[in-house]
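Let me begin by presenting the structure, written as structure tokens, before commenting on it.
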Amino acid sequence: MTNQDELRRTLFRDTRHGYDRITPEDAAAMEGYCRDYMTFLNEAKTEREAVKWTIAKAEAAGYRAWEPGMPLSAGDKVYHNNRGKSIYFAHIGSRPLSEGAHIAAAHVDSPRLDLKPNPLYEDADMAYLKTHYYGGIKKYQWTTIPLALHGVVILKDGTKVDVCIGESEDDPVLYVTDLLIHLAADQMKKTLSEGVTAEQLNLLIGSVPAEGEGSDRVKLAALQLLNAKYGITEADFQSAELCAVPAGKARFVGLDRSLICGYGHDDRVCAYAAFAPLLTQETPEFTSVCLLADKEEIGSVGVSGMKSRCFETFMEDLCQTQGASLRRCFEKSFCFSADVTNAFDPTFAETCDRRNNAVINGGVGVCKYTGSRGKSGASDASAEAMGYVRRLFEDGGVLWQTATLGRVDQGGGGTVAGFMANRNIVTVDAGVPVLSMHAPLEVVSALDCYMTKKAMAVFYLSKESHE
């Protein structure tokens, strides 16, 4: 090695490809982890399904539903189900909560098409369901793909009915039509945002009329099928949460099977990475807390969003078992806002600063700030917080990279980081880089998925305070 080579090795960042840096042990563990994650992705396409799925796994690993006043000691594992739409897990550490907790906050909602309260109608002898899109989407991407209907309906007598249509191989799927190219001269002159409008995202659900005479016979036939299977009447849509999501399973992408394509990587890829280590870890020094929140895609609002005081209630209950102050616990805690970032896409290179953008196979992406324009909406982590993350990951053998959300003034976005930081919790964004974010099917790297899980595992078991 020449003197110059030695200087480069000493002074430059290590920018080698992730597969040139990963250890054989991590490479061997990566495939199994990613297959487990894909199972989660397939079986938990909504926030409600994610909560049910994680509770089942957690209880099998020894977690118990939290009850106020329950005595707790080091090693105990509890969870709180927030109305079936968000959930909090805690693995009590050997140090008191007065010294803080290690918190990972992710979200389990994703962009989709929600049904309107009165969705069912008939037009031109076809039955449709009207939708209102949820989260930020490119509307045209949701046409001409197979869609499944997921959710719950509350009947008049209070009975809750789970609905899932389109995931079994024997199930029909739903579909949003688009205009044929032969008649699309005017449509093709419009901008991408205008080519398909929100009110055109209507789900085609049937075309065969019910027997007899009268109007709306196709609508009636569709209702008969829903009623026969789920006991639903038209009025029951008014007390329902039903959404259309892409039908089908996650798949490996690429001849080398190094990538994963699926619905809802944002943010279930980070939610699973934050949750999975809790199932097998030993008793931590600092209490490990994992939050899987709802409503991030629409501002983290509501009783199940990250702004909800339900999180304070849960943490205050835990603190009270040790006579600790919630405010002091938050003050000494550290949080990873475990959310995805954009991966550099050379097809759209002009949208990013490639010197600062996360790349596929670069490891977990750490964002000092998100936001838009002049960092608006960002919590903007301090140098001390970034220094803690750097030591934590490098000492723990975690492949990581810095990330920014595109070129300045190109657009931007946010996470739950600001809401956690507003609680006086030091917070840094860290998550998986994603290609085609918010599309019906997104793409991530298997290596980045695994490294994000390893990052969360190292964090939970760290004996070092961030202070």
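The values are calculated or read from the model by the stated rules, or taken from the named source; none is laboratory data. Values in this document were obtained by computation on a predicted structure and should not be read as measured data. In this analysis, Cβ positions are derived from the backbone assuming ideal geometry, glycine residues included, and neighbour counts consider all displayed protein chains. Ligands, DNA and RNA are excluded from the accessible area calculation, which covers all protein heavy atoms including side chains. Shrake-Rupley method; radii C 1.70, N 1.55, O 1.52, S 1.80 Å.
Can you give me the Rg/Rh ratio for the range 235-309, using Cα atoms for both radii and the Kirkwood formula for Rh?
With Rh from the inverse mean 1/r over Cα pairs, Rg/Rh is 1.08.
Relative contact order for the chain: what percent, with Cα pairs under 8 Å and sequence separation of 6 or more?
22 percent
Once phi is turned into θ = phi - 60°, what whole-Hz ³J(HN,Hα) does the Karplus curve with 6.51, -1.76 and 1.60 give for every residue of the range 11-21, x standing for Gly and Pro?
For the range 11-21, the Karplus curve yields 9, 8, 5, 7, 10, 5, 4, x, 6, 8, 10 Hz.
Please list, ordered by chain and number, the residues whose modelled amide H lies under 5 Å from the amide H of residue 406; skip anything fewer than 5 residues away on the same chain.
So residue 406 has HN proximity to 353.
Keeping the other protein chains in place, figure out the carbon and sulfur percent of the accessible area of the range 242-335, with a 1.4 Å probe.
Roughly 48 percent of what the probe reaches on the range 242-335 is carbon or sulfur.
For the ranges 252-262, 153-163, what's the packing order if you count other beta-carbon atoms within 10 Å of each residue, average per peptide, and put the highest first?
Values: 252-262: 16.2, 153-163: 12.6.
Top of the packing list down: 252-262, 153-163.
May I ask you to give the solvent-accessible area per residue for the range 232-292, in square angstrom, as obtained with a 1.4 angstrom probe?
Per-residue accessible area for the range 232-292 comes out at 34 Å².
Whole Å is fine, so just give me how far the alpha carbon centre of the range 260-303 lies from that of the range 141-220.
Cα centroid of the range 260-303 versus Cα centroid of the range 141-220: 31 Å apart.
List the residues whose amide H sits under 5 Å from the amide H of residue 442, counting only those 5 or more places along or on another chain, with H placed 1.01 Å from N in the peptide plane.
Amide H to amide H, under 5 Å and 5 or more residues apart or across chains, residue 442 pairs with 262, 263, 264, 265.
May I ask you to evaluate 6.51 cos²θ - 1.76 cosθ + 1.60, the Karplus curve with θ = phi - 60°, for each residue of the range 69-82 and list the ³J(HN,Hα) values in order in whole Hz, giving x for glycine and proline?
Per residue, the Karplus-derived 3J(HN,Hα) values read x, 5, x, 10, 9, 3, x, 5, 10, 9, 9, 10, 8, 8 Hz.
Can you tell me the accessible area per residue over the range 72-152, all protein chains present, probe 1.4 angstrom, in square angstrom?
On the way: 2620 Å² over 81 residues.
Result: 32 Å² of accessible area for each residue.
Calculate, for the range 367-459, the solvent-accessible area per residue in square angstrom, rolling a 1.4 angstrom probe over the heavy atoms of the protein chains.
That works out to 38 Å² per residue.
Share of the range 1-97's accessible area from carbon and sulfur, percent, 1.4 Å? Present the calculation step by step, with values, prior to reporting the outcome.
Working: 2760 of 5400 Å².
Carbon plus sulfur share of accessible area: 51 percent.
Quick check on the chain: of the DSSP beta bridges with both residues there, what percent are antiparallel, nearest 5%? Working shown, then result.
Numbers: 54 of 78 bridges.
Percent antiparallel among DSSP bridges in the chain is about 70.
So what are the ³J(HN,Hα) numbers for the range 260-272, from phi and the Karplus equation (6.51, -1.76, 1.60; θ = phi - 60°), rounded to whole Hz, Gly and Pro as x?
Residue by residue, the range 260-272 yields 10, 10, x, 8, x, 3, 8, 10, 5, 5, 7, 4, 5 Hz.
Does anyone have the angle between helix 24-43 and the longest principal axis of the chain? Alpha-carbon axes, 0 to 90°, nearest 10?
30 degrees
Return the carbon/sulfur percentage of the accessible area of the range 372-467, one whole number, probe 1.4 Å, all protein chains in place.
Roughly 48 percent, rounded to a whole number.
Ratio to report: Rg/Rh of the range 174-215, with Cα atoms as the point set and Rh obtained by the Kirkwood method; give two decimals. Could the numbers behind the result be given before it?
Details: Rg = 14.9 Å, Rh = 12.9 Å.
My calculation of the ratio gives 1.16.
Given H placed 1.01 Å from N in the peptide plane, which residues other than close sequence neighbours of residue 138 have an amide H under 5 Å from its amide H?
Close amide H contacts, sequence-distant or interchain: none at all.
If you count, for each residue, the other Cβ atoms within 10 Å and average over each peptide, how do 282-295, 392-405 line up from highest to lowest?
The packing order, highest mean first, is 282-295, 392-405.
Highest first, please rank the peptides 427-437, 90-100 by the mean number of other Cβ atoms sitting within 10 Å of their residues. Don't skip to the answer; put the middle values down first.
Values: 427-437: 25.6, 90-100: 21.2.
Result, highest mean first: 427-437, 90-100.
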